[in-house]
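Asks: For reference, the structure I am asking about is given below.
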């Protein structure tokens, strides 16, 4: 059985834990920047994506094969479309 280091104190643990949290936050921040960059590229290709929040756009792009989700967001893109029937899908 491995014995605990008696010189390893709570402050050492807190310092180590804090550095891991800071590193994780930096990584998460970088990931978020890349996701926002990706969404901005998609919005430049189709300007009506600017009508969607980032969460809605991510949901739409990640489920583009599911027609119900695409149809539910159509009214945000186009004023006079409230329903769409797709045949052969």
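Computed from the coordinates by the stated procedures, all read-outs in this text should not be read as laboratory data. If you're wondering where the values come from, they're calculated on a predicted model, not measured in any experiment. Glycine also receives a Cβ, built like all others from the backbone with ideal geometry; neighbour counts cover every protein chain displayed.
Asks: Give me the angle, in degrees from 0 to 90, between the Cα long axis of helix 10-45 and the longest principal axis of the Cα atoms of the chain, rounded to the nearest 10.
Replies: 20 degrees
Asks: Oh, and also: Using the count of nearby Cβ atoms within 10 Å as a rough guide to exposure, how do 19, 72 rank from fewest to most?
Replies: Details: 19 10, 72 14.
With the sparsest Cβ surroundings first, the list reads 19, 72.
Asks: GNM on the chain, C-alpha springs below 10 Å: top fluctuator among 37, 20, 76?
Replies: Answer for the Gaussian network model of the chain: 20.
Asks: Among 38, 23, which comes first, second and so on when ranked by fewest other beta-carbon atoms within 10 Å? Write down the numbers at each step before the final one.
Replies: Numbers: 38 13, 23 10.
Taking fewest neighbouring Cβ atoms as first place, the list is 23, 38.
Asks: Compute the helix-to-body angle for 67-77: its Cα long axis versus the longest principal axis of the chain, expressed 0 to 90° and rounded to tens.
Replies: 80 degrees
Asks: Tell me the mean residue ellipticity at 222 nm calculated for the chain from its helices only (DSSP H runs of n ≥ 4, each -39500 (n - 2.57), averaged over every residue, nearest 500). Show your work: numbers first, answer last.
Replies: Values: 3 runs with 56 residues, N = 89.
Calculated at 222 nm, the ellipticity per residue is -21500 deg cm²/dmol.
Asks: To continue, here is another question. For the chain, what size does the Cα cloud have along each of its three principal axes, sorted from largest down, in whole Å?
Replies: If we take the Cα atoms of the chain, the spans are 71, 30, 17 Å.
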